[in-house]
Amino acid sequence: MEFSAMTYNIRLGLESDLETVAGILGEADVVAVQEVGNDWIEGESGNQAQILSRLSGLNHHRFAAALTIRGGTEPPEVRPAPTADDKPGFGIALLSRFPLGPWTRHRLPKRQDRQHCILSGTVVTPKGPVSVLVTQLSRNPIDRAAQIPALLRHAQTQASPLMVLGDLASEVHDEDLAQLGTFLRNAGGEDPHPSFPADLPEQAVDHIYVSKEIEVLSPSMPLPFMGSTHLPVMARLGL
């Protein structure tokens with residue numbers, strides 16, 4: 001069975017609009033979305049994951065908030081979201097053409113930066129379930145150095161086949177991210193094409209990692225779509 005997977009940091013649709021973003025998301029079967037809001041203080045109002053799901057034709061979705069707003073603060077004070085469903089919420093989402101099974105949210109270690117999290121879910125394909133981890137890691141190297149080992153430990157507890165998708169804020173040969181490469185392989189190969197910044201890409205920070213049970217039919221590549229500060233990255237995979 002062939003299917004396509006995508007990861008895309010949409011930056012709340014601020015550089016474009018959700019309808020336009022949904023058009024590119026709909027080109028894939030399984031999509032990891034970062035920087036998506038649920039009645040957030042910026043970007044289009046409403047549950048953006050739900051809106052993107054409806055507009056893209058990826059009819060199954062999950063959203064996990066990493067951040068929320070402390071009530072009664074002006075200007076709004078951002079704080080870690082106690083639950084995945086907090087509103088207003090800012091976080092990550094999983095969209096899928098296939099049904100989705102059980103899911104959970106896991107907070108990542110926080111040192112100096114804002115809170116980040118993992119959305120752990122199951123995509124139920126016609127060939128069986130695939131474990132999927134969606135995340136966005138910190139650009140702060142101190143936080144990221146603690147988050148990548150935590151992501152690896154969590155990945156090692158998941159059933160195979162497994163995909164890890166997201167804005168990992170680092171490149172494959174960076175010392176920290178190289179740890180993930182000891183367990184999973186990057187669908188973009190040893191030298192993935194850069195995806196950030198979108199207008200003049202220099203850094204390959206948006207990644208799709210897969211376990212050995214998943215065949216990479218077409219390596220992950222950035223798509224020329226200027227709907228965010230990142231380019232969407234998509235791979236063709238096989239089970």
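The values are calculated or read from the model by the stated rules, or taken from the named source; none is laboratory data. Because the structure is a prediction, the values reported are computed rather than measured. As a convention, Cβ positions derive from the backbone with ideal geometry for all residues, glycine included, and neighbour counts pool all protein chains shown.
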Just one of the numbered conditions (1) assigned to a loop (DSSP other than H, G, I, E, B); (2) in contact (Cβ under 8 Å) with a residue 24 or more places away in the chain is not true of I208; which one?
-> (1)
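So which of R70, R111, R79, R107 ends up being at pLDDT 95 or above, over 24 Å from A155 (Cα atoms) and not small (G, A, S)?
Among R70, R111, R79, R107, only R79 is at pLDDT 95 or above, over 24 Å from A155 (Cα atoms) and not small (G, A, S).
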Give me the pairs, please: first residue somewhere in region 71-84 and in contact (Cβ under 8 Å) with a residue 24 or more places away in the chain, second residue anywhere and assigned to a loop (DSSP other than H, G, I, E, B) and surrounded by 11 or more Cβ atoms within 10 Å (Cβ to Cβ), beta-carbon distance under 6 Å, and either six or more positions apart or on two chains.
-> P76/I41; P80/Q115
Of the conditions (1) surrounded by fewer than 21 Cβ atoms within 10 Å (Cβ to Cβ); (2) part of a helix (DSSP H, G or I), L200 clears all except one; give me its number.
-> (2)
Segments classed as strands (runs of 3 or more DSSP E), wholly inside region 1-91, with at least 2 members that are crowded, with 23+ Cβ neighbours inside 10 Å and of a type outside the set (K, R) | 2-9, 30-38, 60-70
Answer yes if at least one residue in region 213-221 is farther than 22 Å from G91 by Cβ, under 17 Å from the mean Cα position of the chain (by Cα) and surrounded by fewer than 18 Cβ atoms within 10 Å (Cβ to Cβ), and no otherwise.
-> yes
Condition check for I142: in contact (Cβ under 8 Å) with a residue 24 or more places away in the chain, β-branched (V, I, T), part of a strand (DSSP E or B) and more than 27 Å from D17 (Cβ to Cβ) | no
Which one of the conditions (1) touching a helix residue (DSSP H, G or I) at 6+ places or on another chain (Cβ under 9 Å); (2) surrounded by 18 or more Cβ atoms within 10 Å (Cβ to Cβ); (3) without any contact (Cβ under 8 Å) to a residue 60 or more places away in the chain; (4) part of a strand (DSSP E or B) does L95 fail to meet, given that it meets all the rest?
-> (3)
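Which one is surrounded by the most Cβ atoms within 10 Å (Cβ to Cβ), of the residues in region 174-197 that are acidic (D, E) and within 18 Å of P141 (Cα to Cα)?
Out of the qualifying residues, it is D176.
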